[in-house]
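**Q** Can you read through this structure? Questions will come right after.
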Amino acid sequence: DAQQGRISSFFKKK
Amino acid sequence: MLELRLLQGSLLKKVLEAIKDLVTDANFDCSATGFSLQAMDSSHVALVALLLRAEGFEHYRCDRNLSMGMNLNNMSKMLKCAGNDDIITIKADDGGDTVTFMFESPNQDKISDFEMKLMDIDSEHLGIPETEYEAIIRMPSQEFARICRDLSTIGDTVVISASKEGVKFSTKGDIGSANVVCRQNTSVDKPEDATVIEIQQPVSLTFALRYMNSFTKATPLSNTVTVSMSNELPVVVEYKIAEMGYIRFYLAPKIEE
């Protein structure tokens, strides 16, 4: 099954 | 001191309805640029970014940058007390622990104020990089909402595949499968009814329909929606807010292990 990605792994903390 | 007067109060009511189920608590940031918000859902899969530009307000006073933590369900309760034609003014003092929403009826014969307690919210602000998307689809927002709603009765995830031929929404579930293909269509009477597909290269991504359906709660804000995708990146589902700004939803794709 495909795994759900997390948005925080694509966009870095400011 | 902060004082923001919005003639079209219904816009703010619609914004809250669009985000309150996705995000529980959020900081509203007020600066010279405008009234904005960035927040993730509790599982950090989706992110919402809202901007209401200062120029869109009839009166906009923000003496210093202010971040106001609000429970969106409570804010929605208060804004539901405003009439659809009411003018809404948001007021707060620097360093105060409350925000006041003032509602004025169009003929000024009823004026209400609702004071809400603010809260301290520890939120991460993420930097969203400028991206040249490989596929940009603009279509009627109601059509997009319809597709998401229909497919979610069949399956839990949607594969969105965009190519020069069109954009295909596919799902599979226990009872069967479904595909909806939308082709570019610009021969329409009204520009907002058009489906426009700009493709640099074919893109195919898988998303949870539960989130897509949640984003479509912003449909009343705009006749059109723009879906921007690049392979292996979060999709952006954007609803423009006339004359004022936008609400953008970012959703991380599902990735094959």
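**Q** Regarding segment B:128-137, can at least one residue be identified that is hydrophobic (A, V, I, L, M, F, W, C), modelled with pLDDT of 95 or more and under 16 Å from B:Phe28 (Cβ atoms)?
**A** no
**Q** Mind checking which pairs have a first residue in segment B:113-137 that is free of Cβ contacts under 8 Å to residues at least 60 places away in the same chain and a second that is surrounded by 15 or more Cβ atoms within 10 Å (Cβ to Cβ) and charged (D, E, K, R), Cβ under 9 Å, 6 or more apart or different chains?
**A** B:Asp113/B:Lys91
**Q** Would you point out the residue of segment B:73-99, among those that are within 19 Å of the chain's Cα centre (by Cα) and buried (at least 20 other Cβ atoms within 10 Å of the Cβ), that is nearest to B:Pro220 (Cα to Cα)?
**A** In this case the residue turns out to be B:Leu79.
**Q** Looking at (1) within 13 Å of chain A (Cβ to nearest Cβ); (2) in contact (Cβ under 8 Å) with a residue 60 or more places away in the chain, find the lone condition where B:Lys217 falls short.
**A** Unmet condition: (1).
**Q** Name every residue in segment B:67-118 that is under 17 Å from B:Glu3 (Cα atoms), part of a loop (DSSP other than H, G, I, E, B) and of a type in the set (Asp, Glu), in order of residue number.
**A** B:Asp86, B:Asp93, B:Asp94, B:Asp97
**Q** Where residues in segment B:38-66 are part of a strand (DSSP E or B), more than 14 Å from chain A (Cβ to nearest Cβ) and not aromatic (Phe, Trp, Tyr), which of them is surrounded by the most Cβ atoms within 10 Å (Cβ to Cβ)? Lay out the reasoning, then the answer.
**A** Of all residues in segment B:38-66, those part of a strand (DSSP E or B) come to B:38-40, B:46-53, B:59-62, B:66.
From the residues that got through so far, the ones that are more than 14 Å from chain A (Cβ to nearest Cβ) too are B:50-53, B:59-62, B:66.
Okay, now just the ones that are also not aromatic (Phe, Trp, Tyr), so B:50-53, B:59, B:61-62, B:66.
On the way: B:Leu50: 24, B:Leu51: 18, B:Leu52: 26, B:Arg53: 16, B:His59: 12, B:Arg61: 13, B:Cys62: 21, B:Leu66: 20.
My answer is B:Leu52.
**Q** If B:Ser112 passes every condition in (1) away from every other protein chain (no Cβ under 14 Å); (2) among the small types (Gly, Ala, Ser); (3) more than 30 Å from B:Gly9 (Cα to Cα) but one, which one does it miss?
**A** Among (1) away from every other protein chain (no Cβ under 14 Å); (2) among the small types (Gly, Ala, Ser); (3) more than 30 Å from B:Gly9 (Cα to Cα), B:Ser112 violates only (3).
**Q** Let me ask something additional. Within segment B:220-243, work out how many residues are surrounded by fewer than 22 Cβ atoms within 10 Å (Cβ to Cβ) and outside any strand (DSSP E or B).
**A** Looking only at that region, the number is 10.
**Q** Residue check, B:Ser204 against (1) away from chain A (no Cβ under 14 Å); (2) over 24 Å from B:Leu22 (Cα atoms), all met but one. Which one?
**A** Every listed condition holds for B:Ser204 apart from (1).
**Q** When you go through (1) within 14 Å of chain A (Cβ to nearest Cβ); (2) more than 24 Å from B:Thr219 (Cβ to Cβ); (3) at pLDDT below 95 one by one for B:Asp29, which number turns out not to apply?
**A** Single failed check for B:Asp29: (3).
**Q** Moving on. Is there a residue in segment B:194-217 that is under 29 Å from B:Leu16 (Cβ atoms), in a helix (DSSP H, G or I) and among the aliphatic types (A, V, I, L, M)?
**A** Within segment B:194-217, one or more residues are under 29 Å from B:Leu16 (Cβ atoms), in a helix (DSSP H, G or I) and among the aliphatic types (A, V, I, L, M).
**Q** Taking segment B:13-37, which residues are buried (at least 16 other Cβ atoms within 10 Å of the Cβ), outside any helix (DSSP H, G or I) and within 17 Å of the chain's Cα centre (by Cα)?
**A** Of everything in segment B:13-37, those that are buried (at least 16 other Cβ atoms within 10 Å of the Cβ), outside any helix (DSSP H, G or I) and within 17 Å of the chain's Cα centre (by Cα) turn out to be B:Lys20, B:Leu22, B:Val23, B:Asp25, B:Ala26, B:Asn27, B:Phe28, B:Asp29, B:Gly34, B:Phe35, B:Ser36, B:Leu37.
**Q** Another one. Which of (1) within 14 Å of another protein chain (Cβ to nearest Cβ); (2) part of a loop (DSSP other than H, G, I, E, B) is the odd one out, the single condition B:Thr171 does not satisfy?
**A** (2)
**Q** If you scan segment B:154-190, which residues turn out to be among the polar types (S, T, N, Q) and within 23 Å of the chain's Cα centre (by Cα)?
**A** Selection gives B:Thr157, B:Ser161.
**Q** Determine, yes or no, whether B:Ala162 is surrounded by fewer than 20 Cβ atoms within 10 Å (Cβ to Cβ), assigned to a strand (DSSP E or B) and more than 14 Å from chain A (Cβ to nearest Cβ).
**A** No, not satisfied.
**Q** Out of the residues in segment B:244-257 that are among the hydrophobic types (A, V, I, L, M, F, W, C) and more than 9 Å from every other protein chain (Cβ to nearest Cβ), state the one that is surrounded by the most Cβ atoms within 10 Å (Cβ to Cβ). Full working, then the answer.
**A** Here is the first cut: in segment B:244-257, the residues among the hydrophobic types (A, V, I, L, M, F, W, C) are B:244, B:247, B:249, B:251-252, B:255.
Keeping just the survivors that are more than 9 Å from every other protein chain (Cβ to nearest Cβ) gives B:244, B:247, B:249.
Values: B:Met244: 21, B:Ile247: 24, B:Phe249: 28.
Restricting to residues being among the hydrophobic types (A, V, I, L, M, F, W, C) and more than 9 Å from every other protein chain (Cβ to nearest Cβ), the top hit is B:Phe249.
The values are calculated or read from the model by the stated rules, or taken from the named source; none is laboratory data. Quantities reported herein were computed from a predicted structural model and do not represent experimental measurements. Glycine also receives a Cβ, built like all others from the backbone with ideal geometry; neighbour counts cover every protein chain displayed.
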